[in-house]
1. GNM, the chain, Cα, under 10 Å: largest mean-square fluctuation among 88, 17, 126?
2. Suppose every K and R has +1 on its Cβ and every D and E has -1 on its Cβ; what is the size of the dipole of segment 1-123 about the Cα centre, in Debye to the nearest 20?
3. Pop the C-beta distance of residue 127 and residue 66 into the FRET formula with R0 = 30 Å and round what comes out to the nearest 0.05.
4. In percent, what relative contact order does the chain have, based on Cα pairs under 8 Å that are 6 or more apart in sequence?
5. What nm distance separates the two modelled labels at residue 39 and residue 118, each placed 7 Å from Cα along Cα→Cβ?
6. Among 123, 98, 72, which one shows the biggest mean-square fluctuation in a GNM of the chain, springs joining Cα atoms closer than 10 Å?
7. Considering only 118, 45, 62, give the residue with the highest GNM mean-square fluctuation for the chain, with springs between Cα atoms whenever their separation is below 10 Å.
8. What percentages, rounded to whole numbers, describe P(r) for the chain computed over all alpha carbon pairs with 5 Å bin width beginning at zero?
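Any read-out appearing in this document is the output of simple, stated calculations on the displayed coordinates, not a laboratory observation. Only a predicted model underlies this, so the values are computations on that prediction, with no experimental measurement involved. Counting neighbours? That spans all protein chains shown, and the Cβs are built from the backbone with ideal geometry, glycine included.
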Amino acid sequence: MLVVLDTNIIVAGSFNRRSASAAIMHAVRLDHLRMAWNESTRQETDRIMHQIPPLRNHSIATLFRAEDRFDGALDLERFIAIPDPDDRKFAALSHAAGAVLVSNDAHLLESSADDELTVFNAGAFRSRYRGTGEGA
């Protein structure tokens, strides 16, 4: 299964190793899930992680596998209704890659109602896909 992890999932999982977010990250590292990413989403994640002193040296490089890098075009305008422009890239990447978006951001979770996206918070994603052989 292909997922896009919003930065807030990676931050949450890095802070709390027993969280649903950490379990999802662990599943990506074990190759039970694949994480689609592009340069823009990786740069944001690296930037945010570096801004948080306890996470500055936390290694997340293993989440960003070269074979799961998405270099296709993104339609950011399709997601103009999402208030935070920084969140649009995650929605557009998820849509373009055909991936499930995992985020704790209320605006992204609400945007799944328009059928453009499949968005779950970390707990809901973990509950839904645990035991299917595909999830965390």
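1. 17
2. Using only the charged Cβ atoms, the result is roughly 700 debye.
3. After rounding, the FRET efficiency stands at 0.45.
4. Numbers: 208 pairs, mean separation 44.0, N = 136.
Normalised by residue count, the contact order of the chain is 32 percent.
5. For residue 39 paired with residue 118, the spin-label model returns 3.0 nm.
6. 72
7. Looking only at 118, 45, 62, the biggest GNM fluctuation is shown by 62.
8. Pairs per bin, as whole percents: 2, 11, 22, 25, 22, 13, 5, 0.
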